[in-house]
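For reference, the structure discussed in these notes is given below.
The values are calculated or read from the model by the stated rules, or taken from the named source; none is laboratory data. On a predicted model such as this, the values are computed, not experimentally measured, just so you know. Please note: Cβ atoms are built from the backbone with ideal geometry, for glycine as well, and neighbour counts cover all protein chains shown. These accessible areas exclude ligands, DNA and RNA; they are computed on the full protein's heavy atoms, side chains included. Shrake-Rupley method; radii C 1.70, N 1.55, O 1.52, S 1.80 Å.
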Amino acid sequence: MQVRGRSVTTGRAPVGDASGPAAPPLDGVPDGRGYFGGFGGRFVPEILMAPLEQLQEAYEAARHDPAFWQELDGLLRHYAGRPTPLYFAERLSRYVGGARIFLKREDLAHTGAHKINNALGQALLARRMGKRRLIAETGAGQHGVATATVAARFGMACLVFMGAEDMARQHLNVVRMRLLGAEVREVRAGSGTLKDATDEAMREWVASVADTHYVLGSAVGPHPYPVMVADFQSVIGAESRRQVLDATGRLPDLVVACVGGGSNAIGIFRGFLRDDGVRLLGVEAGGRGERLGEHAASLNRGLIGVLHGSRSLLLQDEEGQIAPTHSVSAGLDYPGVGPEHSYLRETGRAEYTTVRDDEALEAFQLLGRLEGILPALESAHAVAAALVAARRMREDEIVLVSLSGRGDKDVEVVAGRLGWLPAPSSQRTGGGPDGR
């Protein structure tokens, strides 16, 4: 079916199958210890080993319980607003003059980003484990908003850690979290970004694990978090696969998604991992240059190491210390990446590229002008890479882009970069060792 300039959904098709994750990982990975090849695992202080084993046991029980998935399926449908639409970006496709470009509209999910999928799943699991309090870390604020939202929905206390730098450039989401009843705790250590917020969240979890569940927001961290988050986000890929088939009668040729920690990318990739004819392209923050400290491209320029409980590709200096990062997008400003992405890169199943700040800003404006959609700056990286790829492809080919979040939170950052507003003194237009 030819689709022209309108939303396409699968009507009331199932969100999942209410009997397990919407799409499985590849055969044989991860193994029982959470390893994707040589990546993953569990590298944490002794005090967290028992809580993580309890979490793994609880998740395995839930994973095989149809009642758990039935409740999650109902919440995704009636509370989060799934299935999110698939949209044919007709004017953008015509502008590019190559392949047809479709957008998976995760920005239209409740709270404005894909983060709600994982937060709902983990909140249900926390309640099942008898936990009464949720903590989280956040960079761009979307995961913090999602966690605050589900905490309010389930009547749980909520504490969100956020770097001082990120609080300044994403203050709208700070207000949203507080209105939802969450405490937002500022982290001034380090560079005041997502890595530092994650450090503090893990410290808090160590001290309060008896009644607290840590809602990790991306497919990173110690086992079972990377598997669990990917399972909860796999609904994106399962829906996309059905919707593209319904709309076009065939699978896409290329699937594109931005990658910070990598939760939205692994979510949509999960729907196509077994389709060898579908190329998978992850897009990292190329920032403002090639030097360490000027970007956040762990997969393209990182080395193997351990961060926040798992082994993956990380940005490190010559002495093996975690390197500073930079991106115009707070959600991509992280020195590591989920282990499943490192595995997909190593095996060649997925490709990863970078997009610079200025290219993402250009894509942000272009999508607004041509389609009336302001994407999150994270998503704008994926749009920018998709434009380059689509231009080189035939008109009968299809590019599917995960629009992971909406750009309301980034309007002031973009306006400042365009010179339309005085740039806030705390807005990070620089970065790196001497700029943070």
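Taking a probe of 1.4 Å, how large is the accessible area per residue of the range 194-243, in Å²?
With all protein chains present, the range 194-243 gives 21 Å² per residue.
By average Cβ neighbour count within 10 Å, what is the ranking of 233-241, 61-69 from highest down?
233-241, 61-69
About its Cα centre, what dipole magnitude does the range 262-410 give when the only charges are +1 on Lys and Arg Cβ and -1 on Asp and Glu Cβ, stated in debye to the nearest 20?
The calculation lands at about 280 debye.
What does the charge add up to near residue 289, with Lys and Arg as +1, Asp and Glu as -1, over the other residues with Cβ less than 10 Å from its Cβ?
Net charge around residue 289: 0.
For the chain, what % of the accessible area comes from carbon and sulfur atoms, probe 1.4 Å?
Here carbon and sulfur together make up 49 percent of the probe-accessible area.
Would you kindly give the portion of the calculated P(r) for the chain that falls above 35 Å, as a percent of all Cα pairs?
That fraction is 20 percent.
Cα gyration tensor of the range 264-422, axes a ≥ b ≥ c as square roots of the eigenvalues: rounded (a/c below 1.5), prolate (a/b > b/c) or oblate?
Oblate, because a/c is 1.5 or more while a/b does not exceed b/c.
Give me the net charge of residue 120's neighbourhood, meaning all other residues with Cβ under 14 Å from the Cβ of residue 120; Lys, Arg count +1, Asp, Glu -1.
Around residue 120, the charge tally is +2.
Calculate one ³J(HN,Hα) per residue across the range 240-248 by plugging θ = phi - 60° into the Karplus curve 6.51 cos²θ - 1.76 cosθ + 1.60, and present them in order as whole Hz with x for glycine and proline.
4, 4, 5, 5, 5, 4, 5, 7, 10
Using modelled amide H (1.01 Å from N, peptide plane; none on Pro or chain starts), what sits under 5 Å from the amide H of residue 158, excluding residues fewer than 5 places away?
For residue 158, whose amide H was placed from the backbone, the distant partners under 5 Å are 134, 183.
Is the shape of the range 170-217 rounded, prolate or oblate, going by the alpha carbon gyration tensor and its root eigenvalues a ≥ b ≥ c, with a/c under 1.5 for rounded and a/b larger than b/c for prolate?
Since a/c reaches 1.5 but b/c is at least a/b, the shape of the range 170-217 is classed as oblate.
Assuming a ≥ b ≥ c are the square roots of the Cα gyration tensor eigenvalues, decide whether the range 278-321 counts as rounded (a/c under 1.5), prolate (otherwise, with a/b larger than b/c) or oblate.
In terms of gyration-tensor shape, oblate.
Counting only heavy atoms of protein chains, what accessible area per residue, in Å², does the range 60-186 have with a probe of 1.4 Å?
33 Å²
Which pairs in the list 115/195; 104/409; 131/409 are over 24 Å apart, alpha-carbon to alpha-carbon?
The pairs that break the limit, which is 24 Å between Cα atoms, are 131/409.
Using only Cα atoms, what Kirkwood radius does the range 133-187 have, in angstroms?
10.4 Å
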